[in-house]
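S.K.: Starting off with a structure, shown below.
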């Protein structure tokens, strides 16, 4: 082959490659949405596709997502729970109402104050139509699911300070626009952002507390003070004061812990102590003790089988009522000192 012929072959190959590349670029199909009313240039496209791929949303039977439609409170709750898939949650419903498992889970986790309706006592009478979700209720739910319990404005401020929300018009309580309704596209975008920053869904404390910005980066177990329920005159369960622990969260370095206090009034002959271990988003029971109790000094020792965070719950008998009353909850984090750990290389 002559040099001229070789040059002609190379020119031909180059033209073919250019032509082939041009056809590939011109023929590249644009991204398609799983929903016919959400195009690839929609501002919420990425979050909506993410939610569909992760089984958080299904859309409507007609193939639409309805991104601009206001979202109902149960819809948002279901999306949030599906985004995390808690190990202790089941979608099974005994009454045929798909909403019931989500409300039951929210009540179990202490989030029920985040909802407009229904109250916990009316789970069998859930409304057939969902109630639209104002943004301030969304803020309170997310704060609850972060292991906090604040009023609406403090919930909004916590979300802004923790980076769980950027606000709607600016990073202020007013800019969050708490009274505005949340659309379905906004909801999945919100949940995608929360999922990227919050590692698990947490139970919320029983009582509302004032928000302290200094606690924003603490774990939810470290935030709230110790509270022991004090019975009223007409309520019949044990009354006691705890000296140890003296706060709601304690870091310890040994696998045993002694609870100390004074019993002012003893109902029944013992307190029940429940010991639960925090395991990837779920508290699982590891032990339960019945500790003898009379009026006067009180102490009990609990054993923690492995390092980690434990929820300790004290329950009292109630007169004329079979159900025990939880009178306090606190958290222990068992973290052995480096010197206490076994030598893995030895």
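S.K.: Could you list, in sequence order, the residues of region 138-172 that are crowded, with 18+ Cβ neighbours inside 10 Å and farther than 25 Å from residue 227 by Cβ?
M.R.: The answer is 138, 160, 164, 165.
Condition check ((1) surrounded by 13 or more Cβ atoms within 10 Å (Cβ to Cβ); (2) without any contact (Cβ under 8 Å) to a residue 60 or more places away in the chain; (3) in a strand (DSSP E or B)) across all residues:
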site	(1), (2), (3)
261	yes, yes, yes
267	yes, yes, no
275	yes, yes, yes
289	yes, yes, yes
294	no, yes, no
298	yes, yes, yes
302	yes, yes, yes
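S.K.: For region 203-213, does any single residue satisfy the condition of being surrounded by 13 or more Cβ atoms within 10 Å (Cβ to Cβ), under 29 Å from residue 40 (Cα atoms) and touching a strand residue (DSSP E or B) at 6+ places or on another chain (Cβ under 8 Å)?
M.R.: Within region 203-213, none of the residues are surrounded by 13 or more Cβ atoms within 10 Å (Cβ to Cβ), under 29 Å from residue 40 (Cα atoms) and touching a strand residue (DSSP E or B) at 6+ places or on another chain (Cβ under 8 Å).
S.K.: Give region 231-253 a look and list any residue that's assigned to a loop (DSSP other than H, G, I, E, B) and over 29 Å from the mean Cα position of the chain (by Cα), or say none.
M.R.: Matches in region 231-253: 231, 232, 233, 234, 235, 236, 238.
S.K.: Given the options 280, 288, 316, name the one that is in the same structural domain as residue 229 (by TED's automatic domain parsing) and modelled with pLDDT under 95.
M.R.: After applying the criteria, what remains is 280.
S.K.: If you don't mind, another one. Any idea which of (1) under 21 Å from residue 281 (Cα atoms); (2) part of a loop (DSSP other than H, G, I, E, B); (3) touching a helix residue (DSSP H, G or I) at 6+ places or on another chain (Cβ under 7 Å) is the one residue 141 doesn't satisfy?
M.R.: It fails just one condition, (2).
S.K.: While we're here: For region 334-345, indicate whether the set of residues that are assigned to a strand (DSSP E or B), under 28 Å from residue 220 (Cα atoms) and not assigned by TED's automatic domain parsing to the domain that holds residue 201 is non-empty.
M.R.: For region 334-345, residues assigned to a strand (DSSP E or B), under 28 Å from residue 220 (Cα atoms) and not assigned by TED's automatic domain parsing to the domain that holds residue 201: present.
The values are calculated or read from the model by the stated rules, or taken from the named source; none is laboratory data. All values reported here derive from a predicted model rather than from experimental measurement. Note that we place each Cβ from the backbone using ideal geometry, even for glycine, and neighbour counts take in every protein chain shown.
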